[in-house]
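The structure under discussion appears below in the form of structure tokens.
We did not get these values from a lab; they are worked out from the coordinates using the rules stated. Just so it is clear, the model here is predicted, and its values are computed rather than measured. With ideal geometry, Cβ positions are generated from the backbone for all residues, glycine too; neighbour counts draw on all protein chains shown.
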Ligand code: CNA
């Protein structure tokens with residue numbers, strides 16, 4: 001049996017699957033990840049590390065730099081991004097009742113765009129943005145974020161305060177709803193597919209400790225720390241793997 005046939009067998013035998021993914025899920029849609037050889041961390045961005053630019057410290061001290069990176073590299077300058085075969089197959093697996101939840105570290109909206117409903121975004125989302133002034137907190141869409149840039153490229157609310165994306169920056173606490181829903185889903189799961197994540201960003205990576213089912217699958221181009229715990233490890237492009245998975 002090939003590794004992909006084994007994955008198919010696990011899926012066929014399971015009734016309560018959880019998918020835990022990272023930036024690798026969206027690379028086939030054209031969004032670079034962080035840690036692949038051609039990911040954002042390999043790029044020089046004014047000699048500042050992306051971990052710093054996407055941190056709460058940078059947000060407070062160098063908002064202009066934060067937003068330059070955010071518009072260029074995270075929002076891809078407004079370029080239209082479409083869900084890929086991975087997002088679509090996962091939405092199909094949910095629609096037939098096998099996949100119970102997607103836990104994602106991604107901040108894009110591609111799982112939802114593909115039709116998935118139970119998506120827990122443990123690092124927040126680019127989809128909504130809010131004014132940082134307590135008492136105002138007005139919500140803005142991605143489109144409005146582009147429209148409301150001041151001369152420094154920082155989007156500004158009607159009240160004059162800065163608008164901040166609802167993404168979890170380094171040094172910030174993870175959204176508690178997404179975290180609690182993820183833990184609950186993992187505790188009930190009989191199969192966990194961990195795919196396209198380097199599993200080095202904590203506390204998100206520690207979520208896998210809540211899984212006690214008997215089918216743990218790791219899918220990644222590279223080795224991960226959790227490979228030794230897995231029942232099946234596939235070191236292949238996950239787009240090629242998902243293309244072969246039959247839902248039904
Ligand atoms: P990461 O650390 O960049 O790891 C990505 C992993 O995916 C690497 O181990 C790659 O080997 C693997 N990978 C990339 N492409 C493929 C592929 N086609 N098939 C199989 N494996 C692949 O990203 P993580 O998600 O682990 O790190 C967490 C960060 C990245 C989160 O805070 C995210 O918000 C952040 N991020 C998100 C996006 C997005 O929303 N699309 C993009 C870039 C970074």
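Data table
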quantity: Residue, nearest to residue 76 (Cα to Cα), within segment 114-126, restricted to residues that are more than 11 Å from the ligand (Cβ to nearest atom) and buried (at least 16 other Cβ atoms within 10 Å of the Cβ); calculated: 114
quantity: Some residue of segment 208-216 being under 20 Å from residue 15 (Cα atoms), within 14 Å of the ligand (Cβ to nearest atom), outside any loop (DSSP other than H, G, I, E, B) and touching a residue at least 12 places away in the same chain (Cβ under 8 Å); calculated: yes
quantity: Qualifying residue in segment 52-69 (condition: within 13 Å of the ligand (Cβ to nearest atom) and under 15 Å from residue 238 (Cβ atoms)); calculated: no
quantity: Any hit, segment 18-31, residues being within 16 Å of the ligand (Cβ to nearest atom), in contact (Cβ under 8 Å) with a residue 12 or more places away in the chain and surrounded by fewer than 17 Cβ atoms within 10 Å (Cβ to Cβ); calculated: yes
quantity: So residue 247, is it closer than 14 Å to residue 7 by Cα, more than 8 Å from the ligand (Cβ to nearest atom) and in a loop (DSSP other than H, G, I, E, B); calculated: yes
quantity: Boolean, residue 20 is within 30 Å of residue 154 (Cβ to Cβ) and touching a helix residue (DSSP H, G or I) at 6+ places or on another chain (Cβ under 8 Å); calculated: no
quantity: Count of segment 187-199 residues which are closer than 13 Å to residue 213 by Cα, in contact with a strand residue (DSSP E or B) (Cβ under 9 Å, 6 or more places away or on another chain) and surrounded by fewer than 21 Cβ atoms within 10 Å (Cβ to Cβ); calculated: 2
